[in-house]
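Taking it in order: structure first as structure tokens, then the write-up.
The values are calculated or read from the model by the stated rules, or taken from the named source; none is laboratory data. Since the structure is predicted, the reported quantities are computational estimates derived from the model, not experimental observations. Heads up, the Cβs are rebuilt from the backbone with ideal geometry, glycines too, and the neighbour counts pull from every protein chain shown. Just the protein is used for accessible areas: all its heavy atoms, side chains included, with ligands, DNA and RNA removed. Shrake-Rupley method; radii C 1.70, N 1.55, O 1.52, S 1.80 Å.
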Amino acid sequence: MPAETTFILNHDTISTTESPGTLVLDYLRRKQKLVGTKEGCKEGDCGACVVLVGELTGASVSYKPVTSCLMPLGELHGKHLVTIEALRLDQLTPVQQAIVDEGGSQCGFCTPGIVMSLTGYLLQPAGGLDDAGIKYALGGNLCRCTGYGSLKRAGGQILQEVDAGSAGSGQDRVSNLIAQQVVPDYFSQIPARLRSIPPIQRGNGAAQSAYIIAGGTDLYVQRGGEIPYTEVEILNRRQELRGISVEGEHVRVGALTTFEEFAQNTDIQKIIPRIGEYMMRNASWQIRNRATLGGNIVNASPIGDMTALLLALDTTLTLEDGLKKRNVALRSFFKGYKQLDKTPAEVLTEIMFSVPDSGTRVHFEKVSKRKTLDIASVNSAIRIKTASGKIVRADLSFGGVAPIPLFMQNTCDFLAGKQIEMKTVLAAIDVAHSESAPISDIRGSADYKRLLVRQLLIAHFTTLFPDQLTVKDFYETH
Amino acid sequence: MKHIDAAGHTRGESQYVDDMPQPVGMLHAAVFTSPVAHGRIISLNLEEAVRCDGVITVLSAKDIPGENQIGALIPDELLLAEHEVHFVGEPVALVLAKSYEQAHRAVAKIQVEIDELPVVTDPRQAFESGAIIGPARTFALGDVDTAWQECAVVVDGQCEIGGQEHLYLETQRCRAIPLEDGVLRLYSSTQSPYAVQKAAARVLGVAHHKIEVDVKRLGGGFGGKEDQATAWSCLTALAAHCTGKAVELVLPRHQDMICTGKRHPYSADFRIGLNQAGKILAYDVKHYQNAGAAADLSPAVLERTLFHSTNAYFIPNVRIFGASCRTNLPPNTAFRGFGGPQGMFVIESAIAKAAEKMNKPREQIQRLNLLRDGDTFPYGQHLDDVRAERTWDEAAQSFDLNKIKQATKTYNDDHFESKKGYAVMPICFGISFTATFLNQAGALVHVYTDGSVSVSTGGIEMGQGLVTNIARIAARAFGISEKRIKVESTNTTRVANMSPSAASATTDLNGHATILAAGQITDRLKSFAANELGLTDKSRLTIVHEKLLDGNRETGWDWQKLVQTAYLNRIDLSAHGFYATPGVWFDKQKEKGNPFAYHVYGAAVFEVTLDCLRGTYEIDSAKIVHDLGRPINKLVDIGQVEGGLAQGLGWMTLEELSFDEQGRFLSNSLASYKVPDAYFMPDDLQVKFLQNVDNPAGPYGAKAVGEPPLMYGIGVFFAIRAAMRAFRPDSDLTFDAPMTPERVLLGLHEQEREVLVTKI
């Protein structure tokens, strides 16, 4: 008998013994008969199933929009799950009214998810609201009817009608949004009600589980049909695996830290100034709220975006199996396609890399069919330390050019000690080609990926050293 | 007027097929489909699936009581495969179980042994082997063969045009409920209830009236549920018939993408000839349509390709050839534009190639050859009230095309690895079903004694705003408030023999039928009121803002009183209206006629910025002048223009169907098939409607709006191409769509790529 999962569903406290691996979307539609939440793709790409998940942080509850089609029910313990049914107030909420007024709904199938995403944006724990934020919030919602024009205009109306920014943060902000009828009155009692739910006992442990679920954003896409019928280890019940700390030279990142938490962290933003921009390409907000750094690594996709970045940062992983703990370099973690230096009982718990010094620059490149929320054709990251025009050390990774996320050791060795000049880059391209072997697949032909290796190497150097190298240089010599 | 259903949509209250409360004991269906694209079925083993938990039964072709046939135009498509399979995803068996999960788990246990046969995915290869569906067609005007001699410039070329997945957010689905006396009610997500009714009756071997089809709304259709909804509805009907239980079938996204047909890929050859000034004198084009494994609607789609092969241009000597080629892909089908976009893409490519050869701006040739009053289409229809030049000129002026041109040049002079490009895209799209008999519609209107009104039509609400438009039209026809109008679900027992909701004509046809039905009722009401009020001339009576007026004079009667009094005096407050578009005809022997009630015109201007190092691009702006006639509802219409544009842009750029040589669809999920998102679409998106224009053929002067805006999207291909040519003026770029970042990068860096290849 699985342990009971207890959570608040809209207004009601629910205790259920449903399999913890059950998808929240299936639970809502099939068990609770709450059919306002729609199934569009069941792989986190369309956003028709977006719900809000509220979690106690201190005295208040912070809400995030997530795709319910990739979230295990068991993870809801002690949380507040908000569906479109919660937003059936006496009148339309300002979000709903704006969509109606601007014609932002045509067939209506994507609309509940869009209402939830925009409501989630207003509920952000702090900060003001703007047009860019509206787009950020809509990033994970596909609408096949409107072309988004009317939705962006609806966003404009919301910005005019709703005052969230000046209301401070945390529960004050929620109270303010209750007053403006963005969310129902009972949201004010949710923090106290959540505190009264006792914590759940830990699961069986990784060794006894068929699946170990972190964010689930890829695992459920691959195995969504099986997971609900198996024993699962839901890592997100282990809060200690989340968070970022900088201790002297070292950055320690809990393996369950989400993409969004990583990108929003001020320490990380100092170390990787363009992290926000990189992250926009990797996943939508709704997915970034779920996808974890550890999951990205263990999933071992050859085009894992964060994995490529972490490879260049010379990351060390900590693995634990409940008895012992060991460290392994990320660069030696991948043994073959989806083959890891990890036993079934081991769980990746921590990711550690060094703070780059002042002479070191970090950059990430990615090319995909669609610029935002798409899987890379090829991605690449570089960390490069220079002194007086010379490369002291380079760390270069490429995704999409080998069966594993590839650390390009030979190219790094070649670059060390070289001048930053075109000759160096052109020769490095040859080395990089010699240690990669892209194949033709749905992300692009082998020719294309080989060309991208060249282009992205040029992009790294011309982006990081614009005074020494320009793109034009590489074309005039041909 | 706002979309009638919008409030319900935003509250998650609007119901789709599987949102309705489930009948007790309802079964769930899951489909087993062919894993190979062509082969003979040696054996089908259902035993293990039957033994699975919760499974009630597994059906195959032998369980079909009627005819195993669902082909609408041509009877060449089985509901369930019998001896052969012809595409990956062809339905073979149907599992019925107590739950959705059980049904799908059992499907995985079905085993089929297939002796594989050669697979054809290329339409030219199919054509060469004589595998065509229906006759090849040729439209001609003037004398192409002699016209080449007069041309100063003649260019040839080839286009490879990709298809497009509909990606309606709601996948295919149906729920069947057995009623008494052998009647089945089908809640189907279909654009064509009568097609479902006919096909289900055929499969079950029962009369049409034993099948009732009811449709409240679709979560998107775009043509993908015009013919392609039929199979899934028939399977559900078969299951309900065989078990006597309510049954629901909902396709998972992945399966929907694999099994259903899409916009047709085309391969085309063109030759175009112009005089020195840039006037097009001759155009010869051959279209090889990739129809897939069954006819579906392909011959009709091909026909519209022929109709729109000269887009908005007048060309005196034309020969347009087309053939629907049978391949081993899923049967390709209707998709917004219905073959028109492919025809237009080829002529735009021909003009681009000619412009490059003549070293003239592409838009100069386009503008010079636009249609004018008095011109004739290759299919014989004479033109009047042409708005091609007017929409072009208004776009050029209000969006300042000259400034865009200049700014593009300046930018490109100042930048090396980043280039801008612009393009203008005119459109001309004919409105009517090209199969003349389909241009008919019925509406059933009831007025209740409290003055409220119920309207049923044969049209389907799929987000395009039909229900909102019908409500507005009905309110206007009666002279009463829109609040009094309720538009009912579409149901074959209320309106019979309806045409599909397609061809952009749904509001036109059903709106007219509604006007005619309302007219009968108001006519009776006026006769009655004139008599009661002692007036001799009932034609002086009007209903304005719910008041009955005699000329300008108030009669003291309002709508409510009129209706109540009429009822007590036994006046019929219900009517059925029927509309048949006048004046449309087409002679397929001569390939001439007057197939369209009217045409829709417009012009769009696009600007893009290209990252030449990475091969990626941004659409900076899309600006449109569109001819709507007198709009029925601007809010709905703008949504149609912007939404159609988005699909057109996606088709030309990101949306790439990828099949392997074995006919397996590789881009079969949203992770690998990308459609426009909020970031992809330009923030600078402007839509202007032609002002002070009428359209006597449309309801209250409106023009259809559903499909035409999609074809604006073609312009972005040429804008990107222009930017590529700014980086590599000497490169020989192909006319292959979509223009994915891969095509862009490989096109820009042919030389670098060759260097890399030779080094391997």
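The C-beta contact set for region A:97-112 (first residue more than 7 Å from every other protein chain (Cβ to nearest Cβ) and touching a residue at least 12 places away in the same chain (Cβ under 8 Å), second residue open to solvent by less than 10 Å² (accessible area, probe 1.4 Å) and part of a loop (DSSP other than H, G, I, E, B), distance under 8 angstrom, 6+ apart or interchain) comprises A:98/A:104; A:104/A:146.
Determine if region B:350-358 includes at least one residue that is open to solvent by less than 30 Å² (accessible area, probe 1.4 Å) and in a loop (DSSP other than H, G, I, E, B). There is no residue in region B:350-358 that is open to solvent by less than 30 Å² (accessible area, probe 1.4 Å) and in a loop (DSSP other than H, G, I, E, B).
The selection criterion, being assigned to a helix (DSSP H, G or I) and among the aromatic types (Phe, Trp, Tyr), holds for residue B:345. Does residue B:115 meet the test of being more than 30 Å from residue B:58 (Cα to Cα) and open to solvent by 40 Å² or more (accessible area, probe 1.4 Å)? The answer is no for residue B:115. Within region A:383-393, none of the residues are under 30 Å from residue A:446 (Cβ atoms), under 24 Å from the mean Cα position of the chain (by Cα) and within 14 Å of chain B (Cβ to nearest Cβ).
Would a scan of region A:129-147 turn up a residue that is more than 10 Å from every other protein chain (Cβ to nearest Cβ), on the phi < 0 side of the Ramachandran plot and surrounded by 24 or more Cβ atoms within 10 Å (Cβ to Cβ)? No, every residue in region A:129-147 fails to be more than 10 Å from every other protein chain (Cβ to nearest Cβ), on the phi < 0 side of the Ramachandran plot and surrounded by 24 or more Cβ atoms within 10 Å (Cβ to Cβ). Consider region A:249-274 and keep the residues that are more than 19 Å from residue A:383 (Cα to Cα) and of a type outside the set (Ser, Thr, Tyr). The one that is surrounded by the fewest Cβ atoms within 10 Å (Cβ to Cβ) is A:264. You will find that of B:38, B:28, B:3, B:9, the residue that is crowded, with 17+ Cβ neighbours inside 10 Å, within 13 Å of chain A (Cβ to nearest Cβ) and touching a strand residue (DSSP E or B) at 6+ places or on another chain (Cβ under 8 Å) is B:28 and no other. Hey, any hits in region B:662-676 for a residue that's under 30 Å from residue B:400 (Cβ atoms), within 11 Å of another protein chain (Cβ to nearest Cβ) and open to solvent by less than 50 Å² (accessible area, probe 1.4 Å)? Yes: one or more hits. One residue stands out in region A:435-451 among those that are facing chain B (nearest Cβ under 7 Å) and either in a helix (DSSP H, G or I) or under 15 Å from residue A:361 (Cα atoms) (or both): the one that is farthest from the chain's Cα centre (by Cα), namely A:447.
Determine whether region A:39-50 contains at least one residue that is over 26 Å from residue B:675 (Cα atoms), touching a helix residue (DSSP H, G or I) at 6+ places or on another chain (Cβ under 7 Å) and in the same structural domain as residue A:121 (by TED's automatic domain parsing).
The answer is no; no qualifying residue exists.
The strands (runs of 3 or more DSSP E) found entirely in region A:1-80 that carry 3 or more residues being open to solvent by less than 30 Å² (accessible area, probe 1.4 Å) and closer than 19 Å to residue A:284 by Cα are A:50-57, A:60-67.
Is there a residue in region A:200-217 that is surrounded by fewer than 22 Cβ atoms within 10 Å (Cβ to Cβ), within 14 Å of chain B (Cβ to nearest Cβ) and assigned to a loop (DSSP other than H, G, I, E, B)? No, region A:200-217 has no match at all. Does region B:89-119 hold any residues that are more than 15 Å from residue B:249 (Cα to Cα) and either out of contact with any Ser or Thr (no Cβ under 6 Å at 6 or more places or on another chain) or within 13 Å of chain A (Cβ to nearest Cβ) (or both), and which are they? Within region B:89-119, B:108, B:109, B:110, B:111, B:112, B:114, B:115, B:116, B:117, B:118, B:119 meet the criteria.
Residue check: residue B:395 meets all listed conditions (1) touching a residue at least 40 places away in the same chain (Cβ under 8 Å); (2) open to solvent by less than 40 Å² (accessible area, probe 1.4 Å); (3) touching a Phe, Trp or Tyr at 6+ places or on another chain (Cβ under 8 Å); (4) more than 21 Å from residue B:636 (Cα to Cα) but one, namely (3).
If you check A:329, A:308 for being small (Gly, Ala, Ser), away from every other protein chain (no Cβ under 14 Å) and open to solvent by 10 Å² or more (accessible area, probe 1.4 Å), only one passes: A:329. The residue that is nearest to residue A:37 (Cα to Cα), counting only those in region B:152-170 that are within 14 Å of chain A (Cβ to nearest Cβ) and acidic (Asp, Glu), is B:170. Does residue B:475 fit the bill of being buried (at least 17 other Cβ atoms within 10 Å of the Cβ), assigned by TED's automatic domain parsing to the domain that holds residue B:620 and hydrophobic (A, V, I, L, M, F, W, C)? So residue B:475 fails the test. The test for being part of a helix (DSSP H, G or I), open to solvent by less than 10 Å² (accessible area, probe 1.4 Å) and small (Gly, Ala, Ser) holds for residue B:49.
Among the candidates B:263, B:304, the residue that is surrounded by 24 or more Cβ atoms within 10 Å (Cβ to Cβ), basic (Lys, Arg), within 26 Å of residue B:33 (Cα to Cα) and touching a helix residue (DSSP H, G or I) at 6+ places or on another chain (Cβ under 8 Å) is uniquely B:263.
The rows are residues; the columns are (1) surrounded by fewer than 20 Cβ atoms within 10 Å (Cβ to Cβ); (2) closer than 28 Å to residue B:652 by Cβ; (3) in contact (Cβ under 8 Å) with a residue 12 or more places away in the chain; (4) not hydroxyl-bearing (Ser, Thr, Tyr).
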| site | (1), (2), (3), (4) |
| --- | --- |
| B:107 | no, no, yes, yes |
| B:111 | yes, no, yes, yes |
| B:131 | yes, no, yes, yes |
| B:159 | no, yes, yes, yes |
| B:167 | no, yes, yes, yes |
| B:171 | no, yes, yes, no |
| B:195 | no, no, yes, yes |
| B:200 | no, no, yes, yes |
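Is it fair to say residue A:108 is on the phi > 0 side of the Ramachandran plot, in a loop (DSSP other than H, G, I, E, B) and touching a strand residue (DSSP E or B) at 6+ places or on another chain (Cβ under 7 Å)? In short, no.
Only one of the numbered conditions (1) within 14 Å of another protein chain (Cβ to nearest Cβ); (2) farther than 30 Å from residue B:168 by Cα; (3) open to solvent by 30 Å² or more (accessible area, probe 1.4 Å) is not met by residue A:125, and that is (1). Taking region A:222-341 as the region of interest, the helices (runs of 4 or more DSSP H) fully inside it that hold 1 or more residues being within 16 Å of residue A:404 (Cβ to Cβ) and within 21 Å of the chain's Cα centre (by Cα) are A:293-299, A:305-312. Among the residues of region B:439-449, at least one is in contact with a helix residue (DSSP H, G or I) (Cβ under 6 Å, 6 or more places away or on another chain), in a loop (DSSP other than H, G, I, E, B) and either of a type in the set (S, T, N, Q) or touching a residue at least 24 places away in the same chain (Cβ under 8 Å) (or both).
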